[in-house]
Amino acid sequence: MIPAPSIYLIFNKEEKLNLLNGFIIINSDFAPYCSEVFTLRIPAPTNSNIIIRLIKSNDTTTYNLLIQNNNISISGKDEQAIILGLTTLYNLHLEDKVINKTIIKDHALYLHRGLSFDSARHFFTITEIKKIIEEMSLIKLNVFHWHLSDDQGFRIESKLFPTLASPEHYTQDEIKDLDYYCKIRGIKIIPEIDMPGHVSSILSVYPKFSCFETATTISNLAGIYENVFCPSKPEVYSFINKLLGEISGLFMTDIIHLGGDEVPKYNYKHCDLCQQTMLENDLNNYEELQGYFLKRVSENINKKIILWNDSLLGNYLPDNSLIQFWLNKTVELKAYNKLKKPIIDSNMYVFYFDYPLALLPLKRVYKYKSPFNNIQGHEACLWSERITSNEELERMLFPRLYAVAEACWDNKKNYRVFLNNIELMKKAQRVLISENDLSRKHLKVERRKYWQTVLNMPTVSSSEKGKTSLKTQLDFFRYFMKFSDFKLIKEIKKKYEKH
């Protein structure tokens, strides 16, 4: 199974138990929801043929599982641990390995084991999202970071601001249903409402919240857009407080992601209100003006906050915040080292799965070692600008998401064993395992096809983009030049340098 258990001992390979013959769960220590999905996954009669006991324990392991003489015991300190133990039992069942006299002692390396999922650029149905979440649960990932707003769409129904939602969006009932679907699988949803940039979808409805009240349209192109929230208008904060209060109330988690990445400062430089705010608050630069904005927003949120690493330049972070690193820029690393806050590592050169397997191969994800010490965990990211179908989505995520699960679970690494475990999962008919061709010839074709797509893609031209995202794009191209067609890279570089 994936991730492989920390300690896995089998004393009698011949004597197997069949859960389909029936079982009964004895649980007096935990909330009933922790075993709900297990009974949904295995439609067996309820009888005492096999007894599964859920036991409270303060052991330092994440969970323990013991199979002996038709008795199965799973121990852990809380419902999350029990869900993980039952997930392991279900995986053993799928692989026909529920064997008498088996001991598993398992321990997670990181508390945060996640996937960032972009529904703003491309809308995915709840049915498809549930399919992905089910597979996440089976590989013991526990965070679904849901990117719900951006320049290309605002995907949540708001009853306070009913004109805000894009034509394709999730109703509040759908969100609550998905939140519970995740809960019984040991996964928490962290919603992301990006700000003060990436807000074209909001400003298309409420242009008054920008510096110059410029008419804005929802974009159908990837890129970074100059029109952002004005940090100097009181009505902006009033709107945000109401909106975030409504949205955060839809989710059971105590965390919300506020983005804070890729914010052009062009409007700030020409806005009289922003100049006045900087003067009145002794702000030294426009990054600190963004920090001022995030500080005011966070003061009215009764939740922990996650921000992308761009926000480190603002010299302000809420006390209860986490930083999510996507690009390890030197200046931001220095700012982070001063604060010594825990981080989530989402290194774009390893964990951005919208880039094809030919550029971010499975082995690199599996063998990745983070440069950070104070790590809360890893999170893969799936940005959906170039994703056009569910099939493409699944092909991009798998099998690389399995490597993320292993990286979050244990320090012991054996790539051959990992590949063998993927093959065992295929035999168990795990439906989302991608049939990606890993041959060098296929990957070379895929790589060239990707760069050709980039070359043909429309680009957004703006006076600020050239100083921010363009450098990031060119750095990315240079990094992957050794894997790619050099002539094609030069064409792409020339194209981006025009903007």
For the range 10-84 versus the range 221-251, the gap between their alpha-carbon centres in whole angstrom: 45 Å
Label-point gap, in nm, between LEU279 and GLU246 - each point 7 angstrom along Cα→Cβ: 3.7 nm
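Rounded to the nearest 500 deg cm²/dmol, what is the calculated helix-only ellipticity per residue at 222 nm for the chain, with -39500 (n - 2.57) per DSSP H run of length n ≥ 4? The partial results should precede the final answer.
Working: 18 runs with 184 residues, N = 499.
One gets -11000 deg cm²/dmol as the mean residue ellipticity at 222 nm.
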The range 1-160, relative contact order in percent, only Cα pairs under 8 angstrom and at least six apart counted: 25 percent
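Quick one: work out Rg over Rh on the C-alpha atoms of the chain, Rh as Kirkwood radius. Working shown, then result.
Working: Rg = 24.0 Å, Rh = 24.2 Å.
Using Cα coordinates only, the ratio equals 0.99.
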Leading residue at positive end of dipole, the range 7-106 (Cβ point charges), from PHE11, GLY22, GLN80: PHE11
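Between GLU95 and THR46, take the C-beta separation as r, use R0 = 25 Å, and let me know the FRET efficiency to the nearest 0.05.
Numbers: r = 24 Å, r/R0 = 0.95.
Taking R0 as 25 Å, the efficiency between GLU95 and THR46 is 0.60.
Using the number of other C-beta atoms within 10 angstrom as an exposure proxy, rank ILE104, ILE26 with the fewest first. All intermediate terms of the calculation are to be shown ahead of the outcome.
Numbers: ILE104 22, ILE26 13.
Ranking ILE104, ILE26 by Cβ neighbours within 10 Å, fewest first, gives ILE26, ILE104.
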Two-site label geometry, GLU392 and THR171: point separation in nm, points 7 Å out along Cα→Cβ: 2.9 nm
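In debye, nearest 20: dipole of the range 116-194 around its Cα centre with unit charges on the Cβ of K, R (+) and D, E (-)?
Its charge dipole is roughly 340 debye.
Counting only DSSP beta bridges with both residues in the range 112-427, what percent are antiparallel, rounded to the nearest 5?
Expressed as a percentage, antiparallel bridges in the range 112-427 total about 10.
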Links that overshoot a 22 Å alpha carbon limit, given the list LYS303/LYS340; LYS140/LYS369; LYS77/LYS369; LYS105/LYS412; LYS56/LYS341: LYS77/LYS369; LYS56/LYS341
Length released on extending from ASN70 to LEU111, taking residue separation times 0.36 nm less the Cα-Cα span: 11.5 nm
About the Cα centre, charge dipole magnitude for the chain (Lys/Arg +1, Asp/Glu -1 at Cβ), debye: 2020 debye
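Order of ASP319, ASP310 from fewest to most other C-beta atoms within 10 Å?
The fewest-first ordering by Cβ neighbours comes to ASP319, ASP310.
Where a number appears in this text, it was derived from the coordinates with a stated rule and is not lab data. Values in this document were obtained by computation on a predicted structure and should not be read as measured data. Neighbour counts are summed over all protein chains in view; Cβ atoms, including those assigned to glycine, are modelled from backbone coordinates with ideal geometry.
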